[in-house]
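Enquirer: Quick one: this structure, given as structure tokens, is what I'll be asking you about.
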Amino acid sequence: MKLIREFEERCLAMAIAGEINGGIHPYIGQEAVAVGISANLTDQDFITSTHRGHGHVLAKGADPRRLLAELLGTLEGFNKGRGGSMHAADMKLGILGANGIVGAGGAIASGAAWAAKARGNSEVVVSFFGDGAMSQGVLLEAFNLASIWSLPVLFVCENNGYATSLKLETGLAGSAARRAEGFGMVSRTVDGMDVEAVADVAAELVEGCRAGRGPAFLECRTYRFFGHHSVLELLGVEFRDRDEVAQWRERDPIPLLGGKLGDDVVAEIDEAVKNQIDEAVEFAKNAPSPDPKDALMYLYAGTAAVRPGVIL
């Protein structure tokens, strides 16, 4: 969790300074969800992520150096700088991609889970999405197919109370967990600011998926401490009540866990993470940029030829 927090705080500062083009969607405050879920996954399991996906990617084992290099658009990034903040992917780590389309990861996850079931192995797929995705047709279709076909996929709703600036109660009829129950899935709700609680419930649900009992749904009640996007921080825009933000900050998952570890352990972790992120920043800033003449590389799979008339 500390690694994700330090990474995101550095990235937020770099985005505001203009070093990361396009900015980022900070994951700060929601770290317990990504970490609690991923603690129950193996290297062979898969995840799909969101536009707010750095935490998921790091929790699944991504090298922060290569992730930051991707954000800076350099050749050392996971996708050689072509993906950026919202599209980091690494098949070797089971990361099927972050996704800028709200709810789109659910369909990808169900497809990957169908393939895992067809192979006859015990792989599990986790699909992360926010509460704003709960009315997206593609996600609801993914719920339906996963249930009909009894697929090994865990749908994780990171309910931070806002879809961009739209309050949950304004945009969602009923509740996220009850909607999932309507598709016949096991559905649970957990305190998303408590990493141990998330890990415990996730362990039960992941095991059910792995044992062939079909899909499951986990709603994690969490909160993002910063605005929807770094541009809002740059402009000083805040659409939430300050007291609300302050109340949630009192439940910061990192000090909540740190209080159980002791000051010495916390200090050791903090120092190690700071050094790791310092190294990542140095690595990413010194990585080579793509050559403009290679702009059309990686657009197509295989050996698809460039159409006539294109000048390289």
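The values are calculated or read from the model by the stated rules, or taken from the named source; none is laboratory data. Bear in mind the structure is a predicted one, so any value in this text is a computation, not a measurement. Neighbour counts run over all protein chains shown; Cβ positions are idealised from the backbone, glycine included. For the accessible areas, the whole protein counts, side chains as well, though only heavy atoms, and no ligand, DNA or RNA atoms are used. Shrake-Rupley method; radii C 1.70, N 1.55, O 1.52, S 1.80 Å.
Enquirer: Collect residues whose amide H, placed 1.01 Å from N in the peptide plane, falls under 5 Å from the amide H of residue 219; neighbours closer than 5 in sequence don't count.
Expert: The answer is 157, 188, 189, 190.
Enquirer: Give the lysines whose C-alpha is closer than 27 Å to that of residue 80, dropping any in the same chain fewer than 8 places away, or say none.
Expert: List returned: 2, 60, 92, 274, 285, 293.
Enquirer: Count the net charge of all other residues whose Cβ sits under 14 Å from the Cβ of residue 48, scoring Lys and Arg as +1 and Asp and Glu as -1.
Expert: -2
Enquirer: What nm distance separates the two modelled labels at residue 211 and residue 231, each placed 7 Å from Cα along Cα→Cβ?
Expert: For residue 211 paired with residue 231, the spin-label model returns 4.7 nm.
Enquirer: I've got another one for you. Taking the mean number of other Cβ atoms within 10 Å as a proxy for protection, how do you rank 209-220, 175-186 from highest to lowest?
Expert: Peptide ranking by packing, descending: 209-220, 175-186.
Enquirer: With every protein chain kept in place and ligands, DNA and RNA left out, what is the accessible area per residue of region 190-312? Probe 1.4 Å, answer in Å².
Expert: It amounts to 62 Å² per residue over region 190-312.
Enquirer: Show log10 I(q)/I(0) for region 46-88 at q = 0.26 Å⁻¹, two decimals, from a solvent-free Debye sum over equal Cα scatterers.
Expert: -0.83
Enquirer: When the accessible area of the chain is computed with all protein chains present and a 1.4 Å probe, what percentage of it is carbon and sulfur?
Expert: Working: 7830 of 14600 Å².
Percent of accessible area from carbon and sulfur atoms in the chain: 54.
Enquirer: Here's another thing I want to ask about it. Kindly rank 265-278, 40-53 from highest to lowest mean number of other beta carbons found within 10 Å of each residue.
Expert: Top of the packing list down: 40-53, 265-278.
Enquirer: So what is the relative contact order of the chain, in percent, for Cα pairs below 8 Å that sit 6 or more residues apart?
Expert: It comes to 22 percent, rounded to a whole number.
Enquirer: Here's something else I'd like to know. Quick check: net charge around residue 150, other residues with Cβ under 12 Å of its Cβ, Lys/Arg +1 and Asp/Glu -1?
Expert: Residues close to residue 150 contribute a combined charge of +2.
Enquirer: With a ≥ b ≥ c taken as the square roots of the eigenvalues of the C-alpha gyration tensor of region 42-154, please select rounded if a/c is under 1.5 and otherwise prolate if a/b is larger than b/c or oblate if it is not?
Expert: In terms of gyration-tensor shape, oblate.
Enquirer: Sorted by average packing, counted as other Cβ atoms within 10 angstrom per residue and highest first, what order do 148-154, 78-84 take?
Expert: By packing density, highest mean first, the sequence is 148-154, 78-84.
Enquirer: Would you work out which of 26, 225, 195 lies farthest towards the positive end of the dipole of the chain? Charges go on Cβ: Lys and Arg +1, Asp and Glu -1.
Expert: About the Cα centre, the residue reaching furthest to the positive side is 26.
Enquirer: Follow-up. At 4 °C and a viscosity of 1.567 mPa s, what translational diffusion coefficient does Stokes-Einstein give for region 89-151, taking Rh as the Kirkwood radius over Cα pairs? Give it in µm²/s as a whole number.
Expert: Values: Rh = 12.1 Å.
Rounded, D is 107 µm²/s.
Enquirer: Taking the Cα centre of the chain as the origin, how large is its charge dipole in debye, to the nearest 20, when only Lys and Arg (+1) and Asp and Glu (-1) carry charge on their Cβ atoms? Spell out each step's value before the answer.
Expert: Details: 29 positive and 41 negative charges, 257 e Å.
Roughly 1240 debye, rounded to the nearest 20.
Enquirer: With +1 on each Lys and Arg Cβ and -1 on each Asp and Glu Cβ, and nothing else charged, work out how big the dipole of region 1-127 is about its Cα centre, in Debye to the nearest 20.
Expert: Roughly 220 debye, rounded to the nearest 20.
Enquirer: On to the next question. Express the Stokes-Einstein translational diffusion coefficient of region 53-114 in µm² s⁻¹, to the nearest whole number, given a Kirkwood radius over alpha-carbon pairs, 25 °C and a viscosity of 0.890 mPa s.
Expert: It comes out at roughly 211 µm²/s.
Enquirer: Residues of region 1-122: accessible area per residue at 1.4 Å, in Å²? Walk me through the intermediate numbers first.
Expert: Working: 4230 Å² over 122 residues.
Accessible surface, normalised per residue, equals 35 Å².
Enquirer: If you put +1 on each Lys and Arg Cβ and -1 on each Asp and Glu Cβ, how big is the dipole of region 155-296 around its Cα centre, in Debye rounded to 20?
Expert: Roughly 820 debye for region 155-296.
Enquirer: Please compute the net charge surrounding residue 80, taking Lys and Arg as +1 and Asp and Glu as -1 over other residues with Cβ under 13 Å from its Cβ.
Expert: -3
Enquirer: Something else: Could you work out how far apart the two model spin labels at residue 269 and residue 118 are, taking each label as a point 7 Å from the Cα in the direction of the beta carbon, and quote it in nm?
Expert: Computed distance between label sites residue 269 and residue 118 equals 4.1 nm.
Enquirer: With the cut-off at 1.5 for a/c, could you classify region 224-272 from its C-alpha gyration tensor as rounded, prolate or oblate?
Expert: Oblate, since a/c reaches 1.5 and b/c is not below a/b.
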